[in-house]
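Notes follow the structure.
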Amino acid sequence: MRIAGAPSLLISHGRPLSTIILRGSNVSNRGKLNSISSKCLAASAQSSSWSHTRRFKSTGSPFSTPPSNIDRLDSGSAVPSPLSTPSLGPEHVGATRRFLHRFPVIKWTLYSCGSIVFGLAVTIGLMLAYDFTTYREAHVGKVPLAPLALHPEPGGPKNLPILSNNVDDWQDEVSKELCKKERLVIVGGGWGAVSLLSALDPNKYNVTVVAPTNFYLFTPLLPSATVGTVEPRSLVESLRRIIARVHGHYVEGYAVDVVLPSSTSRKSFFSPSSPSTEDNLLEVQVIDGHNWENLTGEQDKTSRKRVYIPYDKLVIACGSVSNTHGVSGLENCFQLKTIKDARAIRSHIMDNLEMAALPTTTEEQRDRLLSFVICGGGPTGIETAAEIYDMMNEDVLKHFPKILRQAMSVHVIQSREHILNTYSEKISEYAEKKFSRDGVDLITNARVKRVEPEKVIYTVKQPNSNEVKEMEIPSGFTLWSTGIAMNPFTKRLTQLLPNQFHLKALQVDSHLRVKGAEPGTMYALGDASTIDNRLIEHLYEWVDKHDTDHDGQLTYNEFTGVVKDIAHNFPLASKHFEKMDKIFKRYDEDNDGKLGLNELASMFTQVQSGLTSLPATAQVASQQGKYLAHKLNKLAKVRDAAHREGKQTVDVASRTDDKASAAVGRVDVDDTHYKPFQYHNLGSLAYIGNAAAFDIPFLPDSIGQFAGGLIAMYAWRSFYLSEQVSSRTRLLLLIDYIKRGVYGRDMSRL
């Protein structure tokens, strides 16, 4: 406030005396000013009591109040420098708050920096505390071993060691208890196998996994690993870490053959398992990195490398191999199935870039070295082409001579009329337009004839005529990604089992049981299997079952029972019978209200011709693995309950004609206690060069069929992050994406 009749004296109530500002004062009126100051001090004593409290805390005594500036003026001393103040007063704090309130950007910047520093400090402290509390020196005493763990007995047709016990069977009580359970052997470590392991009850089966590599690979992102967008280590997870959840065992090797027991040696479904020479045996070629050259004789090497693994239930999830289509020269191509393939492609691309950057490289050689030919217009081929183009357009242009970007070319050879032909037409057209803008050469309606070390020869059908013209492209890199073929192990099974006629996979029924094998003992998943949809094979069975008047014809009511059986045993075909009245009238050619055998045969043939096999994708394998895990859990509960009740029931197919077997209690356990497998298409994704395409069938076309730029690409990345098998790989993949955004792709040669 302002005091009348006094020099310009500003007093701020509630503040210490150091805030009083004197203007124009002199020595003559100093006494008057002292009197005014005393009155002001008395008026504001109560409001400034907190200041005295603060002085009390800082000095240790309520009577040791430091002199005010007015007192110092009275004594003739000079005003002290602000630097000599022992602590900041409330007026400085208030000024700071007003400043931060006036500039909120600075305030929130300081808050953010403080939060980051605090968060880092807490994180480092937690890490140190975790290391300090978890580090222990392990002292392992004598480990109990099963009698045949280290010295398995030989047996079987080839007199190979039978791994009836594992070295860790008796290492703890849980493992020892699981030895009494059914032996579940899984061949493969891909999507189907890992999905099965993730949903399997850990206390129901004695699990053994046989795979050539001891890690699970996230295959959809392999194209990103070929150019350094993500690191190969971010795509793999240890199989042993995954198997540990079910207390299982791992054998590094290839399944090469099986030994099937005779029909007379079948055991009860509910009887406890015990290894014997009459068991189902899986022959495995063990991978051993030791030097075998010192062994005497090739036979000795083979016998030491191969073993038998007994099983009660065998799950075949070993995947597939690339289809050659009879094309010669594929040894000059790269494939993209494994992590080794991705590393080899990355090294080859880096070598070509470095060689093309040399001054001694001619223009013709440079054009060939930087010509990338992709054989196949499916998701793998298109995503690889997009990744290569993005790398050349972003990272090569930044770190290499610009002439390399000028010489670079990407070619995609597709046998169909459009790329991504399994997607919707909208997405296929978007991808083609995107590649056309980017300068990616799309060659459709063409077939590769031959692959040579430095060029690809192909034939293309002319659009305006039936003439086929042969052409060639110089190539410094050729990728082969055109379909799948049967794995050698699955091919061997088709030779051993009856009713196996498919050329690319094992035929299974709607319960994923391998046809021709003893029911309930052998299943197949993913690329290794295809569901048999031949309705015609069940024609007589269904007619005999539902023809109540035994006249060899089915009325509409009798036909309704057949449709229910079709929906139960062949879910993929059930949608064709949703409108039963229309389909009944369509095939009732003589309009007598009944369907004869010929009319039913015509109907079944027409329906099954419209059925397509499930796509060989990770989504199908994952759903089949989870389905089989839930079913095996259910069957284990049924087995345990029946074992407690002392039942002895043998699992057989539902359409058995062995009446004597049925009389002693043979039932179709799978069909009785669990529903058949039904695939739910959740959609497809594809990366097409800093953009992505989505095809989600259960949403309206305006929403479900979407292709776009960065937003779609980040949605694509988010989906694959959520699909990771562990938080470890999810974190590594996220770090890779951040590194790629900040520093670009890793252009070093591995």
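The values are calculated or read from the model by the stated rules, or taken from the named source; none is laboratory data. This is a predicted model, so every value here is computed, not measured. Cβ sites come from the backbone with ideal geometry, for glycine too, and all protein chains shown count toward neighbours.
Pick out, from the range 555-653, the helices (runs of 4 or more DSSP H) lying fully within it that include 2 or more residues that are aromatic (Phe, Trp, Tyr). Because the criterion is at least 2 residues that are aromatic (Phe, Trp, Tyr), the helices (runs of 4 or more DSSP H) in the range 555-653 that meet it are 556-569, 580-587. Going through the range 485-502 one residue at a time, which ones are part of a loop (DSSP other than H, G, I, E, B) and not hydrophobic (A, V, I, L, M, F, W, C)? Matches in the range 485-502: Asn487, Pro498, Asn499, Gln500, His502.
The set of residues in the range 512-534 that are under 14 Å from Leu497 (Cβ atoms), of a type in the set (A, V, I, L, M, F, W, C) and within 29 Å of the chain's Cα centre (by Cα) comprises Val514, Met522, Ala524, Ala528. Of the numbered criteria (1) within 19 Å of Tyr205 (Cβ to Cβ); (2) out of contact with any helix residue (DSSP H, G or I) (no Cβ under 7 Å at 6 or more places or on another chain); (3) free of Cβ contacts under 8 Å to residues at least 60 places away in the same chain, the one Trp170 fails is (2). Residues that are at pLDDT 85 or above, closer than 17 Å to Leu282 by Cβ and among the charged types (D, E, K, R) do occur in the range 148-156.
Every residue, every condition in (1) at pLDDT 85 or above; (2) surrounded by 10 or more Cβ atoms within 10 Å (Cβ to Cβ), yes or no:
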site: Ser75; (1), (2): no, no
site: Ser87; (1), (2): no, no
site: Glu91; (1), (2): no, yes
site: Ala95; (1), (2): no, yes
site: Leu110; (1), (2): yes, yes
site: Ser115; (1), (2): yes, yes
site: Phe118; (1), (2): yes, yes
site: Val122; (1), (2): yes, yes
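Considering His418, His411, the condition of being part of a loop (DSSP other than H, G, I, E, B), assigned by TED's automatic domain parsing to the domain that holds Thr362 and within 32 Å of the chain's Cα centre (by Cα) is satisfied by His418 alone. In the range 623-648, the residue that is modelled with the lowest pLDDT out of those that are under 19 Å from Leu184 (Cβ atoms) and among the basic types (Lys, Arg) is Arg639. For Leu503, state whether it is touching a residue at least 60 places away in the same chain (Cβ under 8 Å) and not assigned by TED's automatic domain parsing to the domain that holds Glu364. Answer is no for this residue.
Taking the conditions exactly as written (touching a residue at least 12 places away in the same chain (Cβ under 8 Å) and in contact with a Gly (Cβ under 8 Å, 6 or more places away or on another chain)), does Ser195 satisfy them or not? Considered against the rule, which asks whether it is touching a residue at least 12 places away in the same chain (Cβ under 8 Å) and in contact with a Gly (Cβ under 8 Å, 6 or more places away or on another chain), Ser195 comes out as yes.
Which pairs have Cβ atoms under 8 Å, sit 6 or more apart or on different chains, and link a residue in the range 718-740 that is outside the structural domain of Phe218 (by TED's automatic domain parsing) to one that is modelled with pLDDT under 95 and of a type in the set (Phe, Trp, Tyr)? Once the first residue is outside the structural domain of Phe218 (by TED's automatic domain parsing) and sits in the range 718-740, its partners that are modelled with pLDDT under 95 and of a type in the set (Phe, Trp, Tyr) give Leu733/Tyr720.
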